[in-house]
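Every number here is computed from the coordinates shown, using simple stated rules; none is lab data. Just so it is clear, the structure is predicted and the values come from calculations on it, not from any experiment. Neighbour counts run over all protein chains shown; Cβ positions are idealised from the backbone, glycine included.
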Amino acid sequence: MPSRLPRQVSLMVTTEACERFSDYGMLSVLTLYLKNDLTLDVDDAESAVHVFKMAAYLLPLVAAGLFAVLARHVGPAPATSPEAG
């Protein structure tokens, strides 16, 4: 077992931290936009942001399930090769 982690691990941690920072920043800006510019009250603005965040996590799972069902009924996609084109 190596005593040091590879350099790529620090890059992955930094990237994840930047993604989380931008995600939480975007959600707070979205809340302020809904509250100030669209004149929603605070509860409605926070509810809309929570629905948005839930959809962002849930829709990829729904799409994966739909694809699994379609792949089971239709079958796998045909392989493409350079000679076929």
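Label-to-label distance for residue 20 and residue 4 is 2.5 nm, based on points extended 7 Å past Cα in the beta-carbon direction. The alpha carbon gyration tensor of segment 8-74 gives principal lengths a ≥ b ≥ c with a/c of 1.5 or higher and a/b no greater than b/c, which makes the shape oblate.
To the nearest ten degrees, helix 7-36 and the longest principal axis of the Cα atoms of the chain are 40 degrees apart.
Relative to the longest principal axis of the Cα atoms of the chain, the long axis of helix 42-74 lies at roughly 10 degrees.
Comparing 69, 49, 29 in a Gaussian network model of the chain (Cα springs below 10 Å), the most mobile by mean-square fluctuation is 69. Taken along the Cα-to-beta-carbon direction at a fixed 7 Å, the label points for residue 46 and residue 12 span 3.6 nm.
The label-point distance for residue 56 and residue 69, in a model that sets each label 7 Å from Cα toward Cβ, rounds to 2.7 nm. Under a model in which nothing but the beta-carbon of Lys, Arg (+1) and Asp, Glu (-1) is charged, the chain shows a dipole of about 500 debye around its Cα centre.
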